[in-house]
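Notes follow once the structure below has been shown.
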Amino acid sequence: MTDSWDGLQTLKFSIKDHVASVVLCRPEKLNAFNDLMHDELFLVLNHIADQSDIRCVLLTGEGRGFCAGQDLGTRTGHESMDLGDKLEQGYNKNLRILKSIHAPVVCAVNGVAAGAGANIALNCDVVIAKQSAQFIQAFSSIGLIPDCNGTWLLPKLIGLARAKAITMLGTPITAEQAESWGMIYQAVADEDFNSVVNDMVATLANRPTRALSFIKNIMDESFRNDYGVHLDRERDVQRVCGLSHDFSEGVSAFLEKRKPEFKGH
Ligand code: T3D
């Protein structure tokens, strides 16, 4: 791990035991995004995407919030501002890299997730939230539409009826509600949150990373493919998995009644 990450001002970044941890770190603003945070996240995500030995990524926030979306203090004088450009230079650039990361990305929502903050979380592969956390589609309360692909993800995760209502009303959704609606994987009691997250991340980092990478991509593809095309895709991907070290190790470990030692390739 290089020391050069010590200079980050809006994030904390570390890699340990094949897990890359990214912590959004502007707690006084509930980790809302300014330009520097967009730029630093871009640097860090690019680094992660280049490291083939990273086997799990953890994204979380410092302090009592996960992320309150865009720092609205940077959006005064809006009549001369092109938000399409801002999205392209900030969130969209980062989400494209996030999606390209081969390893599973766990989002640990440690507190309120509002606006872009909520939808960044939903773009991750596994979302775990503190029971006290809330998800708020805050956009329409300031005259915007959901971004960070919220309008693509939410109808798929929770259905059109709920997606339209919560985005139009800006209703805060509790972590438990989010779990019961299928918006996130799990709501966890606040006192158990850190240990559940750490266990989840360590478990994923020791599973067959290449297969996990295929799983995340092929599940996303399922929304575009028709039935027959998707059967073909599964066949092709399974062919590759069948040639992997991890498949052979998984089968041997099962037959020998021992714990598998996956290498991630
Ligand atoms: O512009 C583009 O690039 C287009 C893309 C936009 C994407 C977006 O994310 S738009 C949506 C932006 N986010 C919001 O509208 C959410 C605004 N925040 C809130 O509604 C509330 O803060 C929360 C519901 C998230 C939390 O409420 P609460 O009561 O727990 O905390 P608080 O007191 O409101 O906030 C604590 C501090 O953080 C406070 O600062 P202060 O008064 O202690 O100095 C507050 O101003 C600050 N803060 C919270 N969110 C933001 C923020 N400062 C700037 N921007 C924020 N988004």
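The values are calculated or read from the model by the stated rules, or taken from the named source; none is laboratory data. Please read these numbers as outputs of a predicted model, since none were measured by experiment. Ideal geometry is used to build each Cβ from the backbone, glycine not excepted, and the neighbour counts take in all protein chains shown. Accessible surface areas use protein heavy atoms only, side chains included; no ligands, DNA or RNA. Shrake-Rupley method; radii C 1.70, N 1.55, O 1.52, S 1.80 Å.
Numbers for the structure displayed
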{"item": "Test for Lys12: is it outside any strand (DSSP E or B), out of contact with any helix residue (DSSP H, G or I) (no Cβ under 6 Å at 6 or more places or on another chain) and on the phi < 0 side of the Ramachandran plot", "result": "no"}
{"item": "Complete set of residues in the range 27-51 that are in contact (Cβ under 8 Å) with a residue 40 or more places away in the chain, within 16 Å of the ligand (Cβ to nearest atom) and in contact with a strand residue (DSSP E or B) (Cβ under 8 Å, 6 or more places away or on another chain)", "result": "Leu30, Asn31, Ala32, Phe33, Leu41"}
{"item": "Test result for Ser21, in a strand (DSSP E or B) and under 29 Å from Ala202 (Cβ atoms)", "result": "yes"}
{"item": "Complete set of residues in the range 203-259 that are polar (S, T, N, Q) and assigned to a helix (DSSP H, G or I)", "result": "Thr203, Thr209, Ser213, Asn217, Gln238, Ser248, Ser252"}
{"item": "Some residue of the range 119-127 being polar (S, T, N, Q), touching a Cys at 6+ places or on another chain (Cβ under 8 Å) and at pLDDT 95 or above", "result": "yes"}
{"item": "Failed item, numbered, when Arg224 is tested on (1) touching a residue at least 12 places away in the same chain (Cβ under 8 Å); (2) not assigned by TED's automatic domain parsing to the domain that holds Val105", "result": "(1)"}
{"item": "Check on Ile48, open to solvent by less than 30 Å² (accessible area, probe 1.4 Å) and either in a strand (DSSP E or B) or assigned by TED's automatic domain parsing to the domain that holds Leu98 (or both)", "result": "yes"}
{"item": "Whichever residue in the range 1-19 is free of Cβ contacts under 8 Å to residues at least 60 places away in the same chain and touching a strand residue (DSSP E or B) at 6+ places or on another chain (Cβ under 7 Å) and, among such residues, is farthest from Ile54 (Cα to Cα)", "result": "Leu11"}
{"item": "Tally, over the range 157-195, of residues that are open to solvent by 70 Å² or more (accessible area, probe 1.4 Å), free of Cβ contacts under 8 Å to residues at least 40 places away in the same chain and of a type in the set (Ser, Thr, Tyr)", "result": "1"}
{"item": "Among the residues listed as His47, His18, His78, His38, the single one being over 24 Å from Glu191 (Cα atoms) and modelled with pLDDT under 95", "result": "His78"}
{"item": "Qualifying residue in the range 66-75 (condition: closer than 30 Å to Val196 by Cα, of a type in the set (Gly, Ala, Ser) and within 7 Å of the ligand (Cβ to nearest atom))", "result": "yes"}
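Every residue, every condition in (1) without any contact (Cβ under 8 Å) to a residue 12 or more places away in the chain; (2) more than 8 Å from the ligand (Cβ to nearest atom); (3) over 12 Å from the mean Cα position of the chain (by Cα), yes or no:
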{"residue": "Ser80", "(1), (2), (3)": "yes, yes, yes"}
{"residue": "Ile101", "(1), (2), (3)": "no, yes, no"}
{"residue": "Cys107", "(1), (2), (3)": "no, yes, no"}
{"residue": "Val112", "(1), (2), (3)": "no, no, yes"}
{"residue": "Gln137", "(1), (2), (3)": "no, yes, yes"}
{"residue": "Ile142", "(1), (2), (3)": "no, no, yes"}
